[in-house]
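The values are calculated or read from the model by the stated rules, or taken from the named source; none is laboratory data. Values in this document were obtained by computation on a predicted structure and should not be read as measured data. All Cβ positions, even for glycine, are placed from backbone atoms using ideal geometry, and neighbour counts span all protein chains on display. These accessible areas exclude ligands, DNA and RNA; they are computed on the full protein's heavy atoms, side chains included. Shrake-Rupley method; radii C 1.70, N 1.55, O 1.52, S 1.80 Å.
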Amino acid sequence: MELSAEDAKLVTLARAARARHGASQGAAVRDLDGRTYAASTVAMDTLHLAALDLAVAMAVSSGAKGLEAAAVVTEGDVPIRTDTVSEFGGAGVPVVVADAAGTVDTVLEA
């Protein structure tokens, strides 16, 4: 599947966030101004956050007004929850799902 340069950048950022922390997932989102936010899964004894939820939270806390697109890099057949993307970005925001090598598996619509 061919991605736009901007969506391919989201996959690259998500891969880097995942690899940097050795996490199960990495995610990146692009806000309406074109700014990007990347995060990895947080799995601590007292705190568990999915990478996509954290990337959305970073955008919200930075003052973003909405989302254009998102990407998640993951291993295996792990369900991807897109409810935070749709709540903040509205219906129809594309969520690119790729494997650890960056190969796109599917594009969900939040």
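With the structure loaded, tell me whether residue 96 is hydrophobic (A, V, I, L, M, F, W, C) and without any contact (Cβ under 8 Å) to a residue 40 or more places away in the chain or whether it fails that test. For residue 96, the condition - hydrophobic (A, V, I, L, M, F, W, C) and without any contact (Cβ under 8 Å) to a residue 40 or more places away in the chain - is not met. Quick check, is residue 89 closer than 16 Å to residue 110 by Cα, open to solvent by less than 40 Å² (accessible area, probe 1.4 Å) and out of contact with any Pro (no Cβ under 8 Å at 6 or more places or on another chain)? Yes: the conditions hold for residue 89.
Determine which single condition residue 107 fails, assuming it passes every other condition in (1) touching a helix residue (DSSP H, G or I) at 6+ places or on another chain (Cβ under 7 Å); (2) touching a residue at least 60 places away in the same chain (Cβ under 8 Å). In the conditions (1) touching a helix residue (DSSP H, G or I) at 6+ places or on another chain (Cβ under 7 Å); (2) touching a residue at least 60 places away in the same chain (Cβ under 8 Å), residue 107 misses (1) alone.
Can you tell me which residues in segment 42-54 are in a loop (DSSP other than H, G, I, E, B) and open to solvent by 60 Å² or more (accessible area, probe 1.4 Å)?
So in segment 42-54, the residues in a loop (DSSP other than H, G, I, E, B) come out as 44-47, 50.
If the condition is that a residue be in a loop (DSSP other than H, G, I, E, B) and open to solvent by 60 Å² or more (accessible area, probe 1.4 Å), then 44, 45, 46, 47 are the ones that fit.
For segment 1-41, the candidate set comprises residues that are in a loop (DSSP other than H, G, I, E, B) and buried (at least 16 other Cβ atoms within 10 Å of the Cβ); within that set, the residue that is farthest from the chain's Cα centre (by Cα) is 3.
Condition check: out of contact with any Phe, Trp or Tyr (no Cβ under 8 Å at 6 or more places or on another chain) and in contact (Cβ under 8 Å) with a residue 60 or more places away in the chain. Does residue 90 satisfy that? Answer is no for this residue. Taking the criterion of being open to solvent by less than 30 Å² (accessible area, probe 1.4 Å) and over 12 Å from residue 52 (Cα atoms), the residues of segment 92-103 that qualify are 93, 98, 102.
Can you pull out every residue in segment 24-38 that is among the small types (Gly, Ala, Ser) and either under 21 Å from residue 74 (Cα atoms) or out of contact with any strand residue (DSSP E or B) (no Cβ under 8 Å at 6 or more places or on another chain) (or both)? Correct list: 24, 26, 27, 28, 38.
Selection of segment 53-91 for residues being at pLDDT below 95 and either farther than 17 Å from residue 38 by Cβ or among the aromatic types (Phe, Trp, Tyr) (or both) yields 75, 76, 77, 78, 79, 81, 90, 91.
Here is a list: 39, 14, 8. Which entry is closer than 17 Å to residue 108 by Cα, modelled with pLDDT of 95 or more, touching a helix residue (DSSP H, G or I) at 6+ places or on another chain (Cβ under 9 Å) and not charged (D, E, K, R)?
Numbers: 39 fails: closer than 17 Å to residue 108 by Cα; 8 fails: touching a helix residue (DSSP H, G or I) at 6+ places or on another chain (Cβ under 9 Å).
When all the criteria are applied, what remains is 14.
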